[in-house]
Each structure stands twice: as C-alpha cells, then as structure tokens.
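Accompanying notes for the structure given below.
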2 protein chains.
Amino acid sequence: MAETAAPDQAPDETDPKRPEAPQDGEPLWRDALGECLRDLRHDRGEKLTDTAGRAGISPQYLSEIERGMKDPSSEMIAAVAGALELTLTDLTVAVAERLRSVQFTASVAAYVHRSAYALAA
Amino acid sequence: MAETAAPDQAPDETDPKRPEAPQDGEPLWRDALGECLRDLRHDRGEKLTDTAGRAGISPQYLSEIERGMKDPSSEMIAAVAGALELTLTDLTVAVAERLRSVQFTASVAAYVHRSAYALAA
DNA sequence: CTCCCGTTCTGCTCAGGGCGAAACGTCCTG
DNA sequence: CAGGACGTTTCGCCCTGAGCAGAACGGGAG
C-alpha cells in the first residue's frame, strides 16, 4: 500500500510507531481492528502464538496486526477471525461496538475536561 | 500485500475479478466495505468522481474499492468516510449492519431452500 | 537460573495499492 | 444518425509495504 497520495482529510495518526490511542476524533481502521482482535483473543484466554498458528500466520505478524501496525488483507482478517471462531460479521459488529463505546467515552472525557477547565478559569 | 501464506481457513473468494456476491458463508472485508460505501454514496446522491475528489483519491480507485477489488489502507478508508461525512464508527456500524442483514437474508434463503427440497422429496 | 510469552528489530521478496491513460457504456443534443 | 458529455471500468505500471523468517530483547513466574 503506497502512501504516496496521502489524503488531506486523513487524521495525523499515520505514524505506525505510535500507540493506537484515539486522539482527537477517530482511530484508523487498523487500530480499531487490532485492539478488538486482541480483546477477543484475550476473552478466549488464548495465546497469541496459538491463534496465529491456527490462522496460519506468523506470531510476529499477528502481534503487529493487534497493535495496529499493519493493514491486513481481507483474507488475513478472515483467517484471524476464523481462528477465533468468529465470522466477519461477528468481528465487524464487535469492532463497531467498540468504536461506539470509545466514542461515547471520548465524549464524556471531553465533557469532564471542559468542566474542569471552566472550574479552573 | 503478499498472499504467499494463503491461510487455509480463507474462503475461496480470492479471485478479485469475481463479483462480491456472498457465497456459502461470509464475504471478505473488502467486499462488505465496498458495497457499503457505494450504498452510502448513492444514499447521498453523490457521483463517484465527486466523492473521490473530496477524498483525494482517483475515481478509478474509488470504483475499485466500491467493487471490492482492493483492500484500501486505513487512511484511504478514513478519507472516503470523511468525504461521505462519516466517521470510521459510522462506517463500521453501517458495514456491520449490512453484514448482519445479509447473514439474516442468507439464513432465510437457506431455510426456504431446505423447505423446497423437503417438498420436492 | 530456566522457561515461557509477547514484542521488537532486521532484512528480505514480491504482491498489490494507487495511479494515469485509455476504453467502454449511457444519455442527451443538434 | 453522429458527436459530445459524463460516469464508470479496464489496463498497465511503479514502488511501497504486507507478510515472512530469524534473532534478540524485556518481563514475569517458578
């Protein structure tokens, strides 16, 4: 994937070395996906190496996916989902729900932050 | 994206020339995403070239994304979502909902098909 | 200490992302 | 009818980054 034509509307979260913390606004797809996959794996009490093995990918690569450092192909997404005994639908729904709750949490945090600022002023 | 390590669990929908029709089971992420993006764009009554222009990508590429022929990078996904005045959350939710309804439709179709088979027998 | 796990680093190959040019299909107008 | 405009798809290409293997590192537990 070439980043030659970096779109202007893209958030400034293009540094793959940075943690996937949602900054002002939205994370990138790979961040959201990766976090969700890691949570789902943890929910199953599974080791990264086991899941990677079942998905047919390298542990290093699964680690990178989970940390939002790579944009996996659709086939890879399907493989990892399959290794977690999920369908793409399950996975997408889980990502969507996480994004929703993160959004809500961010809204609350922003509100609290504004209140604190008002009190300080 | 190398497909050197083609995972065994991947569906056989690796031929990018094929339409994104969900076959037995789940579509790939890029198919689901593309369909959803095209629907969202149509819902807004927008032309492909306008959306592509606002997203800062070529019209040809947006066409390919919509037809599930490419796995766009996270930044591209964000750019197209932005051009449609959506957040990643909005988009992921929309994809998830579409996947759910397709799954439901597929289940109904399978049930009807089984009933028809029982009647024929 | 060893063992296990997860992560990072390094270096590598080559597939495909993303593009520009060209082609195609559809619709409208003279 | 031909020609033009518009939207979309196809084709060919460059070069970036996906995905890998091997090695090393850091942390925790026994």
* To do: Return the pairs, sorted by first residue and then second, in which the second residue is of a type in the set (V, I, T), the first residue lies in the stretch A:44-60 and is at the interface with another protein chain (Cβ under 10 Å from one of its Cβ atoms), the beta carbons are less than 7 Å apart, and the residues are 6+ apart or on different chains.
  => A:A55/A:V80
* **Breaking point among (1) more than 11 Å from DNA strand C (Cβ to nearest atom); (2) modelled with pLDDT of 90 or more, for A:Q23** => (2)
* Asked: Which of (1) within 12 Å of the chain's Cα centre (by Cα); (2) more than 24 Å from A:L84 (Cα to Cα); (3) modelled with pLDDT of 90 or more is the odd one out, the single condition B:R30 does not satisfy?
  -> (2)
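Matching residues to (1) touching a Gly at 6+ places or on another chain (Cβ under 9 Å); (2) surrounded by 23 or more Cβ atoms within 10 Å (Cβ to Cβ):
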residue: B:R38; (1), (2): no, no
residue: B:L48; (1), (2): no, no
residue: B:R54; (1), (2): yes, no
residue: B:R67; (1), (2): yes, no
residue: B:K70; (1), (2): yes, no
residue: B:A81; (1), (2): no, yes
residue: B:D90; (1), (2): no, no
residue: B:V95; (1), (2): no, yes
* To do: State all residues of the stretch B:69-97 that are part of a loop (DSSP other than H, G, I, E, B) and either more than 10 Å from DNA strand C (Cβ to nearest atom) or among the β-branched types (V, I, T) (or both); if no residue qualifies, say none.
  => B:L84, B:E85, B:L86, B:T87
* To do: Return a yes/no flag: does the stretch A:62-77 have any residue that is within 12 Å of chain B (Cβ to nearest Cβ) and at pLDDT below 90.
  => no
* To do: Inspect the stretch A:113-121 for any residue being in a helix (DSSP H, G or I), among the hydroxyl-bearing types (S, T, Y) and modelled with pLDDT under 65 and give the result as yes or no.
  => yes
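At pLDDT below 90, among the small types (G, A, S) and open to solvent by less than 50 Å² (accessible area, probe 1.4 Å), is that true of A:A10?
Yes: the conditions hold for A:A10.
A:Q103: open to solvent by 50 Å² or more (accessible area, probe 1.4 Å) and at pLDDT below 90, yes or no?
Against the criterion (open to solvent by 50 Å² or more (accessible area, probe 1.4 Å) and at pLDDT below 90), A:Q103 qualifies.
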* Selection within the stretch A:46-63 - within 15 Å of DNA strand D (Cβ to nearest atom) and outside any helix (DSSP H, G or I) -> A:K47, A:G56, A:I57, A:S58
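The values are calculated or read from the model by the stated rules, or taken from the named source; none is laboratory data. Note that the structure is predicted; figures quoted are calculated from it, not measured. With ideal geometry, Cβ positions are generated from the backbone for all residues, glycine too; neighbour counts draw on all protein chains shown. Accessible surface areas use protein heavy atoms only, side chains included; no ligands, DNA or RNA. Shrake-Rupley method; radii C 1.70, N 1.55, O 1.52, S 1.80 Å.
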